[in-house]
Amino acid sequence: MANNQESEEMFQRSCFITRLVASSVNISETAGSIIKGIMSGGDLKIVDKADSGQQADLQTEADRAAQYLIEKSLQEKFQNRLKIIGEEEVTSKIPNRDLSFSTEVLKIDSKLPEELRNIKEEDVVIWVDPLDGTSEFAAASKGRTPNLQQVTVLIGIAYQGKSIAGVIHQPYFQGNEGRTLWGIVGVGAYGLQICTSGDERIIVTTRSHSNKGVQNALESLQKKKLCDKIVQVSGAGFKVLRCLEGAAAYVFASDGCKKWDTCAPEAVLIAAGGMLTDISGQRINYHADVQYPNSGGVLATCPWVEHMPYVEALKDSCNL
Ligand SMILES: Nc1ncnc2c1ncn2[C@@H]1O[C@H](COP(=O)(O)O)[C@@H](O)[C@H]1OP(=O)(O)O
Ligand SMILES: [Mg+2]
Ligand SMILES: [Mg+2]
Ligand SMILES: [Mg+2]
């Protein structure tokens with residue numbers, strides 16, 4: 001939907017990071033509509049990106065169309081000055097664009113910390129996962145148990161190698177209603193009720209990419225009383241959502257997850273008071289020239305749980 005004159009002026013007055021997040025919120029929602037439209041159409045045009053002999057790595061027309069929309073819209077909005085790294089290549093031919101923005105985001109512009117106020121287009125790297133949880137999306141189209149709420153659209157913003165802002169859109173939250181969460185480190189996380197206390201320590205982990213290392217790490221957390229229950233769900237975005245809404249941690253002691261899976265969720269989680277690092281406690285580097293895989297695994301802890309005890313507990317059991 002087009003923005004009116006007054007909000008256009010407010011947009012122009014805002015800092016670049018605020019404008020980028022405001023645009024990304026609306027673009028992620030339009031990506032969600034495209035994803036739902038392709039699912040309703042029934043033909044996902046699935047391609048397997050994996051090398052032969054490897055575990056399936058699916059891509060659907062929804063992944064491709066959402067990637068196209070996000071990249072083209074952001075570049076058009078910001079005069080082609082952005083460095084965007086996406087999971088998928090921009091191959092779709094559906095000429096969609098969304099140049100609108102969220103006026104809700106513009107309202108926090110004055111809260112932006114000093115060090116983020118002067119950031120320019122050339123200073124950031126944008127990590128895009130147009131559809132996180134593709135395995136669930138593809139499975140739902142084949143009539144298997146639908147876990148579509150685990151699908152998210154992720155737009156992460158990095159500055160000087162650190163994730164500083166992120167947008168997570170969940171198209172199938174409460175059926176087809178959907179919701180969008182966004183966060184800026186040092187400002188806050190918006191779009192959901194953040195859980196700030198808990199008794200039972202639920203650990204969320206992979207549903208479809210488990211292995212011996214992943215299991216060993218979880219067993220050692222159980223022995224050290226840092227895990228009461230293990231819940232297997234798909235998607236890096238959805239697992240971080242679970243950490244914001246009651247789970248204690250997201251533990252994935254394996255490679256496979258990539259920078260576009262973690263950049264947006266990391267910023268939202270840190271903005272909410274949690275933490276996301278690799279398994280050894282190192283912050284993930286999001287510079288443009290880094291390798292894409294998160295070869296050190298992923299450890300995310302929720303706002304009411306301390307991060308270091310998990311790092312310590314995983315030291316002996318994990319050889320990533
Ligand atoms: N071995 C892998 N190959 C490809 N993608 C992976 C792999 N492991 C994880 N991912 C990506 O990381 C996300 C989180 O992993 P998991 O669900 O296993 O915890 C997945 O949704 C998938 O993102 P995507 O669906 O965008 O391809
Ligand atoms: Mg994928
Ligand atoms: Mg992903
Ligand atoms: Mg993806």
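The values are calculated or read from the model by the stated rules, or taken from the named source; none is laboratory data. No experiment lies behind these values; they were computed from the predicted model shown. Heads up, the Cβs are rebuilt from the backbone with ideal geometry, glycines too, and the neighbour counts pull from every protein chain shown. The protein model used for the area step is the full one, side chains on, heavy atoms only, and it has no ligands, DNA or RNA in it. Shrake-Rupley method; radii C 1.70, N 1.55, O 1.52, S 1.80 Å.
Of everything in the stretch 42-69, what is open to solvent by 20 Å² or more (accessible area, probe 1.4 Å), within 16 Å of ligand 3 (Cβ to nearest atom) and charged (D, E, K, R)? Give them in sequence order.
D48, K49, D57, R64
Which of the residues spanning the stretch 241-264 are near ligand 1 (Cβ under 10 Å from one of its atoms) and over 18 Å from M308 (Cα atoms)?
S254, D255, G256, C257, K258, W260, D261, T262
I need the full set of residues from the stretch 239-261 which are in contact with a Gly (Cβ under 6 Å, 6 or more places away or on another chain) and within 16 Å of ligand 2 (Cβ to nearest atom), in order please.
Selection gives F252, S254.
So which strands (runs of 3 or more DSSP E) are wholly in the stretch 171-289 and hold at least 1 residues that are of a type in the set (F, W, Y) and open to solvent by less than 10 Å² (accessible area, probe 1.4 Å)?
Per the criteria, 249-252.
Checking the structure you have, find out if any residue of the stretch 59-69 is assigned by TED's automatic domain parsing to the domain that holds F16 and in a loop (DSSP other than H, G, I, E, B).
Checked against the condition, which is being assigned by TED's automatic domain parsing to the domain that holds F16 and in a loop (DSSP other than H, G, I, E, B), the stretch 59-69 yields at least one hit.
V305 fails exactly one of the following numbered conditions: (1) of a type in the set (V, I, T); (2) more than 16 Å from ligand 3 (Cβ to nearest atom); (3) in contact with a helix residue (DSSP H, G or I) (Cβ under 7 Å, 6 or more places away or on another chain). What is the number of that condition?
Of everything listed in (1) of a type in the set (V, I, T); (2) more than 16 Å from ligand 3 (Cβ to nearest atom); (3) in contact with a helix residue (DSSP H, G or I) (Cβ under 7 Å, 6 or more places away or on another chain), V305 misses just condition (3).
Looking at the stretch 91-146, what helices (runs of 4 or more DSSP H) fall wholly within it and have at least 3 residues that are within 16 Å of ligand 1 (Cβ to nearest atom) and open to solvent by less than 60 Å² (accessible area, probe 1.4 Å)?
In the stretch 91-146, 134-141 are the helices (runs of 4 or more DSSP H) which contain 3 or more residues that are within 16 Å of ligand 1 (Cβ to nearest atom) and open to solvent by less than 60 Å² (accessible area, probe 1.4 Å).
Can you tell me which residues in the stretch 1-41 are surrounded by fewer than 19 Cβ atoms within 10 Å (Cβ to Cβ) and under 17 Å from P171 (Cα atoms)?
S33, K36, G37, S40, G41
If you check R19 against the conditions, is it part of a loop (DSSP other than H, G, I, E, B) and in contact (Cβ under 8 Å) with a residue 24 or more places away in the chain?
No; evaluated as a whole, the condition is false for this residue.
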